[in-house]
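The structure appears right after this line, and notes come after that.
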Amino acid sequence: MIQEERVIALNGASIAGGRYVLYWMQASVRTEYNHALEYAIREANDLGKPLVVFFGLAADFPEGNERHYCFLLEGLREVESSLREHGIRMVVRQGSPELGVIELAGDACLVVVDRGYLPIQKEWRHRAAVAIGCALVQVESDAVVPVEEASPKEEYTAATIRPKIHRKLEYYLQPLTQTELALDSLGMEFNSLDLTDLEEVLSRLHIDGSVKRVAGLEGGTKEAKRHLQLFLSDRLDQYDELRNDPTQEYLSGMSPYLHFGQISPLYIALQVARTDKPGRDAYLEELIVRRELSINFVHYNPQFRSLEGLPEWCRKTLAEHTSDPREYLYGVEELEAAATHDPYWNAAQKELVLGGKMHGYMRMYWGKKILEWTESPQEALRFALYLNNKYELDGRDANGFTGVAWCLGKHDRPWGERPVFGKIRYMSANGLRRKFDADAYVRKVEALAGGARTPGEERDGRPPS
């Protein structure tokens with residue numbers, strides 16, 4: 001079912017007399033449970049046209065590096081193969097995506113695009129909408145409840161958006177059937193990147209190679225579904241009880257795949273909702289309410305990367321305590337090298353650098369301590385975003401930006417006042433030890449490291465001078 005609320009015309013043009021329908025796949029990089037692809041297939045069949053799928057590979061996506069691009073390309077290669085099996089030609093070109101789609105739209109009767117929530121994604125779609133001569137239609141597929149349907153404004157906390165989402169869940173939690181394309185487009189000739197050799201593609205992009213891919217973690221829908229099935233069978237039972245214990249393996253591992261659009265949040269929600277396992281409701285709260293609260297923040301608040309994006313009470317209390325003395329002060333190089341006095345924070349940073357992700361509970365602690373150990377809230381936010389976006393596979397998206405902002409009070413409430421933090425929620429090493437075996441977490445990360453060192457780390461654990 002494709003709800004009409006997912007579909008928005010981005011320009012005032014009409015369907016033209018082109019050779020094909022063009023689906024501009026940019027955010028929803030998958031062939032399963034993709035409302036935009038399904039809409040494009042149905043329109044192509046109704047118009048008696050073949051369908052062509054385009055992806056624009058922007059080598060200059062902000063803060064992207066080899067780790068991110070490798071994961072993306074693994075998923076793209078799988079998509080190309082899957083589309084071929086359904087008789088659909090895929091075109092991948094290097095360059096700013098809107099330029100590629102504008103060129104291909106010259107022979108299209110209709111262009112369909114999925115939805116992105118970051119400013120650069122919105123700007124790509126706006127530029128294309130102005131330049132394309134035929135209709136450009138956006139179909140939202142990376143939120144269970146479309147962002148404006150969830151709320152017409154920025155929400156204050158999960159408590160304010162939750163009832164709005166729950167009122168509409170039954171309507172949107174509907175399976176999506178897949179339609180077969182009537183006319184094959186495989187015989188159509190286009191210039192396209194050859195994805196057979198991903199090393200060759202990476203070398204052509206000239207991207208930042210300082211952050212390497214994560215060994216043993218592969219991108220693509222098949223891998224996403226494999227991790228999901230493992231979660232459903234072995235972890236969902238105790239998810240609510242053990243999800244905040246980083247010494248255990250009870251998280252779903254879905255965030256990198258959701259970030260790159262390689263699995264549908266709707267598909268995950270339906271798979272989880274049909275179980276009767278104790279962790280079901282807690283996980284759906286994270287997947288739908290919390291994730292879409294993050295989308296709400298980035299979509300409606302243009303200051304999501306700065307302190308100006310925080311509520312007034314956060315800005316006020318942080319400003320009042322900016323000059324408070326700090327027991328420890330670290331620069332970004334020391335933080336990046338996991339060279340602080342705190343073994344638990346160091347372990348979290350190492351997990352991030354080596355594994356491409358950090359346990360969610362430790363990410364909260366990690367961000368709080370950056371606030372405590374830097375000269376100002378502005379510097380803390382800058383350092384946290386730099387590290388998060390550089391190393392996290394799921395950084396550089398709504399969840400990543402919101403997670404960092406939460407550490408400075410976003411979507412939270414005022415707590416008891418204390419030095420440096422003011423009324424921002426505080427977290428301590430003692431709190432970690434009360435909640436789980438924090439030393440076991442350190443040992444777990446050291447085993448993951450296997451002797452590997454973080455960037456700039458010397459033998460004594462300190463960054464080079």
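Laid out as a table, the results:
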{"item": "All helices (runs of 4 or more DSSP H) inside the range 139-258 with 1 or more residues being closer than 26 Å to residue 68 by Cα and touching a Cys at 6+ places or on another chain (Cβ under 8 Å)", "result": "198-205"}
{"item": "Residue 105 touching a Cys at 6+ places or on another chain (Cβ under 8 Å) and either surrounded by fewer than 18 Cβ atoms within 10 Å (Cβ to Cβ) or assigned to a helix (DSSP H, G or I) (or both)", "result": "yes"}
{"item": "Output for the range 133-168, where each listed residue is of a type outside the set (D, E, K, R) and either within 15 Å of residue 4 (Cα to Cα) or touching a His at 6+ places or on another chain (Cβ under 6 Å) (or both)", "result": "137, 138, 139, 141, 143, 144, 145, 146, 147, 150, 157"}
{"item": "Residues (of a type in the set (Phe, Trp, Tyr) and out of contact with any helix residue (DSSP H, G or I) (no Cβ under 6 Å at 6 or more places or on another chain)) located in the range 269-319", "result": "300, 313"}
{"item": "Positions within the range 354-363 being in contact with an Asp or Glu (Cβ under 8 Å, 6 or more places away or on another chain) and surrounded by 22 or more Cβ atoms within 10 Å (Cβ to Cβ), in sequence order", "result": "356, 358, 359, 362"}
{"item": "The range 320-333 - residue that is free of Cβ contacts under 8 Å to residues at least 60 places away in the same chain and not β-branched (Val, Ile, Thr) and, of those, nearest to residue 390 (Cα to Cα)", "result": "331"}
{"item": "Qualifying residue in the range 409-425 (condition: surrounded by fewer than 19 Cβ atoms within 10 Å (Cβ to Cβ), part of a helix (DSSP H, G or I) and either in contact with a helix residue (DSSP H, G or I) (Cβ under 6 Å, 6 or more places away or on another chain) or modelled with pLDDT of 95 or more (or both))", "result": "no"}
{"item": "Among the candidates 63, 74, residue that is surrounded by fewer than 24 Cβ atoms within 10 Å (Cβ to Cβ) and on the phi < 0 side of the Ramachandran plot", "result": "74"}
{"item": "One residue from 123, 103, 148 being of a type in the set (Asp, Glu) and more than 19 Å from residue 28 (Cα to Cα)", "result": "103"}
{"item": "The listed residue being surrounded by 20 or more Cβ atoms within 10 Å (Cβ to Cβ), closer than 30 Å to residue 213 by Cβ, touching a Lys or Arg at 6+ places or on another chain (Cβ under 9 Å) and of a type in the set (A, V, I, L, M, F, W, C), out of 380, 339, 384", "result": "339"}
{"item": "Residue in the range 334-349 that is over 23 Å from residue 425 (Cα atoms), touching a residue at least 24 places away in the same chain (Cβ under 8 Å), touching a His at 6+ places or on another chain (Cβ under 7 Å) and among the acidic types (Asp, Glu) present", "result": "no"}
{"item": "Hits in the range 27-50 (condition: assigned to a loop (DSSP other than H, G, I, E, B) and either under 24 Å from residue 174 (Cβ atoms) or among the hydrophobic types (A, V, I, L, M, F, W, C) (or both))", "result": "27, 28, 29, 30, 31, 32, 33, 34"}
{"item": "The listed residue being surrounded by fewer than 23 Cβ atoms within 10 Å (Cβ to Cβ) and charged (D, E, K, R), out of 333, 351, 392", "result": "333"}
{"item": "Meets criteria (free of Cβ contacts under 8 Å to residues at least 60 places away in the same chain and surrounded by fewer than 22 Cβ atoms within 10 Å (Cβ to Cβ)) for residue 85", "result": "yes"}
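Every residue, every condition in (1) at pLDDT below 95; (2) among the aliphatic types (A, V, I, L, M), yes or no:
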position: 3; (1), (2): no, no
position: 17; (1), (2): yes, no
position: 24; (1), (2): no, no
position: 27; (1), (2): no, yes
position: 31; (1), (2): no, no
position: 41; (1), (2): no, yes
position: 61; (1), (2): yes, no
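The values are calculated or read from the model by the stated rules, or taken from the named source; none is laboratory data. Small disclaimer: the values here were computed from a predicted structure and weren't measured. Cβ atoms come from the backbone with ideal geometry, glycine included; neighbour counts cover every protein chain shown.
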